[in-house]
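Quick note: the coordinates plus some simple rules give every number you see, no bench work behind them. A quick note: this is a predicted structure, and the numbers were derived from the prediction, not measured. Cβ: placed from backbone, ideal geometry, glycine included. Neighbour counts: every protein chain shown.
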Amino acid sequence: MGFFDKLKEGLAKTKASFDEKINNVFKNFRKVDEELLEELEEALILSDVGYETTDKIIKELREEIKLHKIEDADEVKKVLQEIIAKILTEKDNSLTLATKPAVILVVGVNGAGKTTSIGKMAKNFKENGKKVLVAAADTFRAAAIEQLEVWTERAGVEILKRKEGSDPASVAFDAAKKAKEEDYDILIIDTAGRLHTKKNLMEELEKIQRTVKKELPDAASEVLIVLDGTSGQNALIQAKEFSEVTDITGIVLTKLDGTAKGGVVIGICSELNIPVKFIGVGEKIDDLQEFNAEEFARALLGWN
């Protein structure tokens, strides 16, 4: 099964929910008026698109209706699809991995799928001919290192670890040194899923980034946040909170196959100005893929 087919299958619950809500509105309205737009607004909010993004979509839709004097409800639906597709495709979703080694710092709350995403990413890179090293710098959570070991073994890549409770920055430093000396293409660094306060989290992430920068001053780097697609609007809130403490360059969205809340991707792309870089639509090791915005829009909106 190709990734587009996997994506269509993985987004089936979201698409069914999205279609039902949107189509119900158009089924009940043949006339293009303010009441239609109000019903569409409610349908988008109920589809986990979010208030702010929904407001933006409806404003643009209203302007298009006025500008092109649209009187047909089916034409409104087409314009709505175009607006959503534009939101999904206007960001650059490519990864910045031009140097050797390149560094990917992975953040996110425990339970979002951080460990599994790192393993799947590593497998993805390895299959594309890259030499990958994973640093187990989430040293606070019991069993975090062991879980990461299982996934790096599945991916067939090397892991650098220290004992539980070690200083995360020292683990990151050792990994950066090894990556440079042993000619690795990509260094992926796991970080603590949750610390007691934002201040602690910020200090820890800053220390890791500072340490890596010192050892690899010219390395291209990404800071990716892993978000659980099933949490809907909570994923958006988490991303906003992490954005306050570190410069996030991209989003890894997991577990979309198990939810009808995939509409949150539209809100994330619109509100955070952070591109989605990976998307997970299954539990297998090859079910995390680089995000293709056009394919996502096609799968969500039912285009051929």
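For the peptides 147-160, 67-80, the ranking by packing is 147-160, 67-80, with the highest mean count of neighbouring Cβ atoms within 10 Å listed first. For VAL276, the amide hydrogen comes within under 5 Å of the amide hydrogens of ILE251, counting only partners 5 or more places away or on other chains and with H modelled in the peptide plane. Axis angle, to the nearest 10 degrees, between helix 12-28 and the longest C-alpha principal axis of the chain: 20 degrees. Computed per residue of the chain from DSSP H runs no shorter than four, each worth -39500 (n - 2.57), the mean residue ellipticity at 222 nm is -17000 deg cm²/dmol. Between the Cα long axis of helix 233-245 and the first principal axis of the chain there is an angle of about 50°, rounded to the nearest 10.
Just checking the listed ones, ASN234, ASN128, ASN23: in the Gaussian network model of the chain with Cα springs under 10 Å, the one fluctuating most is ASN128.
Across the range 11-155, the mean sequence separation of Cα contacts (distance under 8 Å, 6 or more residues apart), normalised by length, yields a relative contact order of 16 percent. Compute the relative contact order of the chain as a whole-number percentage, counting only Cα pairs closer than 8 Å that sit 6 or more residues apart in sequence. Relative contact order for the chain comes out at 27 percent.
Overall size of the range 163-239 from C-alpha positions, given as principal axis extents largest first: 42, 25, 22 Å. The listed peptides 201-211, 238-248, ordered by packing as a protection proxy, come out as 201-211, 238-248 (highest mean of other Cβ atoms within 10 Å first).
Under a model in which nothing but the beta-carbon of Lys, Arg (+1) and Asp, Glu (-1) is charged, the chain shows a dipole of about 780 debye around its Cα centre.
Remind me, relative contact order of the range 196-275 in percent, using alpha carbon pairs under 8 angstrom and six or more residues apart? Walk me through the intermediate numbers first.
Numbers: 80 pairs, mean separation 25.8, N = 80.
Dividing the mean separation by the residue count of the range 196-275 yields 32 percent.
Under the classification rounded if a/c is under 1.5, otherwise prolate if a/b is larger than b/c and oblate if not, where does the range 87-197 fall, given a ≥ b ≥ c as square roots of the Cα gyration tensor eigenvalues? Taking the square roots of the gyration eigenvalues as a ≥ b ≥ c, the range 87-197 is oblate.
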